[in-house]
């Protein structure tokens with residue numbers, strides 16, 4: 001009878017007599033998961049045996065090989081993170097250890113043999129026939145490549161090229177209307193680039209590495225190059241901030257936060273400055289592309305618009321279930337269904353393999369540049385798209401063996417970003433989608449860098465140098481259950497808003513005892529955190545409101561803070577006056593951008609319990625280690641969001657107002673907007689009232705209708721110039 005085996009989740013039938021992997025002879029042996037093929041002739045029979053003492057290690061023993069002593073059994077070890085190499089037989093030369101790697105692969109007959117439902121292939125080093133024995137002097141190491149099936153590729157790709165059906169569709173779309181098919185052209189081009197890169201790496205990878213090795217050595221050893229790059233960056237920053245002095249405040253705040261985190265470092269002498277500088281450099285480059293370059297601004301604006309348009313499909317389901325009246329007027333029926341829809345889409349993308357592919361590419365970039373281990377890097381990259389308890393599922397089998405520094409990095413990544421599902425809810429509030437996406441992506445390298453600054457690695461990692469391919473076995477567990485997520489959001493909103501109202505009532509009562517009117521939690525936060533808000537780059541007049549939102553995010557919940565920020569943005573866009581008596585009704589566009597980045601993260605006190613509960617359920621025996629680093633990770637996560645906000649303030653370019661004379665001459669004053677308010681404000685500033693007569697300066701002096709424009713502006717806004725129009 002042919003015993004089966006489970007190889008990292010892949011059921012392998014026919015591991016008995018005649019099996020190529022078990023050592024069966026003859027060409028008719030069954031293929032292992034459709035990829036090993038028939039074994040060489042003359043191979044003996046064998047059975048798989050599992051070591052009971054080590055659940056992470058499985059060893060298969062087969063018959064004697066064609067070459068080598070008859071007593072030497074064929075053996076192959078599948079080590080886990082802590083497995084040791086199998087001992088060589090007595091008296092035999094020590095051979096290089098066989099290696100197991102895992103890599104992604106499209107499913108198909110040409111790659112995987114007759115059964116495309118499995119994904120295992122075998123690769124040999126050297127020209128001799130493969131040998132499973134451990135005693136042959138001329139033995140070459142065996143490398144097993146476990147290939148994970150990517151069902152996404154079956155739809156659009158044949159081996160290494162797009163399928164004919166997709167090519168026909170693509171050509172037809174471009175022929176009928178190229179402008180309409182432009183998005184399809186861009187997506188196809190991206191896929192083709194990655195296919196070409198994979199082919200180049202497969203066939204010319206070794207030559208390419210050899211060709212680029214001098215460049216790599218130059219970057220590693222030439223300190224003059226790094227000094228020149230740093231000097232160029234400093235020069236550019238000085239020239240750029242000299243035009244807008246408020247940007248210099250953001251730069252100073254960025255430097256202050258980095259120095260503050262270094263002062264809080266657990267081991268100051270062990271900091272990996274490569275990880276720190278590369279992480280901050282990647283964050284800066286991505287921010288520069290998104291916020292300053294025309295292609296970056298347009299690309300992310302387009303992406304944000306598409307996401308908003310995509311989220312609009314939620315209405316089809318929620319209106320059918322709840323009715324149009326509820327989804328128009330009730331928050332729970334308006335916003336929470338978006339979380340369900342977005343979670344559903346994320347689950348589908350995980351099933352198709354698209355999210356795993358994207359996360360792996362991002363983690364590879366972070367790993368090779370920053371020198372961090374694959375486990376912590378993959379988890380932080382996953383946090384861009386999924387939540388703080390879902391991303392660690394990507395590395396669940398390895399959490400038990402991770403160092404405290406790596407666990408700290410995993411926690412920091414969770415605190416520094418938000419999940420894609422709740423991002424959809426924030427976008428529905430009216431928060432800028434491009435800023436949310438940029439903030440979440442920028443947080444990944446910054447979180448890794450700051451986690452290595454606050455908690456440097458002083459232990460020996462068991463995953464150093466292992467490729468990303470070894471940690472994908474749990475990648476399909478990424479998306480959270482949407483119903484539970486919605487219930488959690490609703491419960492938190494009810495609880496935190498109720499608690500906030502109670503705290504404010506108590507503070508008002510205590511304040512009235514000493515003649516302090518209007519004391520509240522928000523007022524306290526606005527005073528305590530006002531210097532931090534100012535250092536991030538907000539104007540001093542906007543700093544109290546920004547500090548208030550920071551306090552709500554840190555001590556309560558970012559969901560509540562984003563809801564308040566959305567109200568301020570709505571007030572500004574609707575053209576309300578900036579001040580209503582002594583109360584500010586909205587904050588500037590620059591402050592909005594800074595606050596959007598500062599609030600983008602799960603770093604609040606309530607998330608401590610969520611983080612500890614999620615990770616402790618995966619590794620219960622490490623509760624002590626988790627609890628010892630969680631507060632540092634929370635502080636680091638808060639500062640990562642603030643660093644992103646400082647960078648947003650440093651790179652922010654104000655939107656030009658345009659020609660107010662032309663605008664007011666063509667606008668309809670039946671309603672107001674932000675542009676209407678700003679142009680009326682400019683008109684009021686240019687008006688001079690003397691002896692009841694209005695006169696104007698600047699471009700308004702030559703306009704005969706300036707008095708008429710003032711009268712129309714006075715219909716919506718109060719100003720001393722309005723006295724001259726009566």
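List of remarks:
- Added length on full extension, which subtracts the Cα-Cα distance from 0.36 nm per residue, residue 298 to residue 720: 147.8 nm
- Note on residue 513 and residue 163: the model spin-label points, each 7 Å out from Cα along the C-beta direction, lie 7.3 nm apart.
- Label-point separation, residue 365 to residue 695 (7 Å along Cα→Cβ), nm: 5.9
- FRET efficiency, residue 499 to residue 702 (Cβ-Cβ, R0 56 Å, nearest 0.05): 0.45
- Gained length - residue 230 relative to residue 506, 0.36 nm times residue gap less alpha-carbon distance: 94.1 nm
- With Cα atoms defining each centre, the range 608-630 and the range 523-600 are spaced 33 Å apart in the structure.
- For a label point 7 Å along the Cα-to-beta-carbon line of residue 173, residues of the range 192-209 with backbone N under 14 Å: 192
- Of the peptides 514-520, 526-532, the order by per-residue mean of other Cβ atoms within 10 Å, starting with the highest, comes out as 526-532, 514-520.
- Each peptide in 344-353, 422-431, 182-191 gets a packing score, the mean of other Cβ atoms within 10 Å over its residues, and the list from highest to lowest is 422-431, 344-353, 182-191.
- Here r is the Cβ-Cβ distance between residue 567 and residue 255 and R0 is 35 Å; the resulting FRET efficiency, rounded to 0.05, is 0.60.
- Length added when fully stretched, residue 191-residue 348, from 0.36 nm per residue minus Cα-Cα: 54.6 nm
- Mean Cβ neighbour count within 10 Å, used as a protection proxy, ranking 453-459, 699-705 highest first: 453-459, 699-705
- Modelled this way, with points 7 Å down the Cα-to-C-beta line, the labels at residue 208 and residue 584 are 5.1 nm from one another.
- Theoretical FRET efficiency, 1/(1+(r/R0)^6), r = Cβ-Cβ of residue 540 and residue 606, R0 35 Å, to 0.05: 0.70
- For the range 284-319 and the range 638-714, distance of Cα centres in Å: 28
We did not get these values from a lab; they are worked out from the coordinates using the rules stated. Being a predicted model, the structure only gives us computed values, none of them experimental. Here the Cβ is made from the backbone with ideal geometry for all residues, glycine too, and neighbour counts use every protein chain on show.
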